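Everything below concerns the one structure shown next.
The values are calculated or read from the model by the stated rules, or taken from the named source; none is laboratory data. This structure is a prediction, so every number in the text was calculated from the model and none was measured. Note: ideal-geometry Cβ built from the backbone for every residue, glycine included; neighbour counts use all protein chains shown. For accessibility, only protein heavy atoms count, side chains too; no ligands or nucleic acids. Shrake-Rupley method; radii C 1.70, N 1.55, O 1.52, S 1.80 Å.
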Amino acid sequence: MKKTFLLLFVITSQLSIAQTKNELDFKIQYNPETKYDQTMDQTSHLEMTYSGDPEIIQMLKDKGIQNPTITDNNSIIESVCKTGKLKDKTYYPLTIEFLKTTSSNNKIAIPNGTIIYGKGTIGNMPTLDSIVSADLSDELKKTTLETVQSTFSQLNFPERKVKVGDVFTVDSPLSIPIANAQLDMTITTTYKLVSIKNNVGNFDISQVYTMKANTGKFPITATGTGKGKLEYDVIHNFNLKYQIDMDMSANLKIEKVELSIVTKSGITQTARISKI
């Protein structure tokens, strides 16, 4: 009888472990007293082609504008996020320091040494409240703070249990300024959990970019797709690696000239997580 009970206990335990390895709680969040060393590597290839009225095309050529205009860029941003102790069982302080930025076009969006301050609560994305930088104007400080806060908002997914093979989608907005016009799109991102190994969930990612109704002054059409991978740390509830390659095309007609835009871009974000 004891042997039978022991055998059933072993079988039940193994089944429980197997079930756990095939399911995870997906919720991206920061935790108190934790350090996140992060690197973001971005590449972009942009082609803009002008067509239409020969006189206007010649005028653009006379101004030194190449047709097509081709731009390539690569930038790497290294930052560290540190969270403090939980206070009053509700919130914890947070700092984000931008350590090093390199760019192939020598344009540094966020100067080295810039520090952003904020606070987080358990289960929610942090709220940012101030920024310190000797090399940014007040206007750029505000823009940088809003941009980083927007990035957090895009990571604020509803918590869900996901089994291997499960698929779920998330919609997020995207606004792109093009030639004095605003291109508003919706990004539909589909995640599929492929496997769980060593407390890391491996997801396949696919994206579809859909243009919202054109309410601008000039006619615009646009479409795009993306494909990538996500490695999710089950223990720390955070992305260890997020990689996506995106293709997008758009057409904009301004009076007698049509502008065709083709972009190919890639983003790879990695994180090293450690307790403080």
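From the alpha carbon gyration tensor of region 124-276, can you work out the equivalent ellipsoid semi-axes (sqrt of 5 times each eigenvalue) and give them in Å, largest to smallest? List each step's numbers first, then the result.
On the way: eigenvalues 202, 108, 33 Å².
Value: 32, 23, 13 Å, ordered largest first.
Amide H of THR114 versus every other amide H placed in the peptide plane: which residues, excluding those fewer than 5 positions away on the same chain, fall under 5 Å?
PHE98
Subtract the Cα-Cα distance of GLU23 and ASP72 from 0.36 nm times their separation in residues, and report this length gain in nm to one decimal.
Working: separation 49, 0.36 × 49 = 17.64 nm, distance 4.09 nm.
Taking 0.36 nm per residue and subtracting the Cα distance, the gain is 13.5 nm.
What are the ³J(HN,Hα) couplings of region 172-177, residue after residue, when phi is run through the Karplus curve with 6.51, -1.76, 1.60 and θ = phi - 60°? Round to Hz, x for glycine and proline.
9, x, 9, 10, 10, x
With the full set of protein chains in place, find how many percent of the accessible area of the chain is carbon and sulfur; take the probe as 1.4 Å. List each step's numbers first, then the result.
Details: 9150 of 16840 Å².
C and S atoms contribute 54 percent here.
Multiplying the sequence separation of SER274 and SER206 by 0.36 nm and subtracting their Cα-Cα distance, what value in nm do you get?
Gain in length upon complete extension: 21.5 nm.
Describe numerically, in nm with one decimal, the distance between label points set 7 Å from Cα along Cα→Cβ at LYS197 and at VAL167.
The two pseudo-label positions are separated by 2.3 nm.
Measure of size requested: the Rg and Dmax of the chain, with Cα atoms as the atom set and Å as the unit; please supply both.
23.4, 95
State, to one decimal in nm, how far the label point of ASP138 lies from the label point of ILE235, with both points 7 Å from Cα in the Cβ direction.
It works out to 4.7 nm between the two label points.
Computed FRET efficiency, Cβ-Cβ of SER150 and VAL257, R0 45 Å: what is it to the nearest 0.05?
It comes to 0.90.
Quote the FRET efficiency, to the nearest 0.05, computed for ASP247 versus ARG160 with a Förster distance R0 of 30 Å and r equal to the Cβ-Cβ distance.
Efficiency computed from Cβ-Cβ geometry: 0.55.
If you project the alpha carbons of region 227-276 onto the principal axes, what extent comes out on each, in Å, largest first?
Dimensions of region 227-276 along the principal axes of its Cα atoms: 60, 21, 13 Å.
Give or take rounding to whole Å, what are the principal axis extents of the alpha carbon atoms in region 26-143, in descending order?
Reported extents, whole Å, longest axis first: 69, 37, 22.
I need the P(r) histogram for region 111-152: all alpha carbon pairs, bin width 5 Å from 0 out to the longest distance, whole percents.
Answer for region 111-152: a P(r) of 5, 23, 32, 21, 11, 5, 2 percent.
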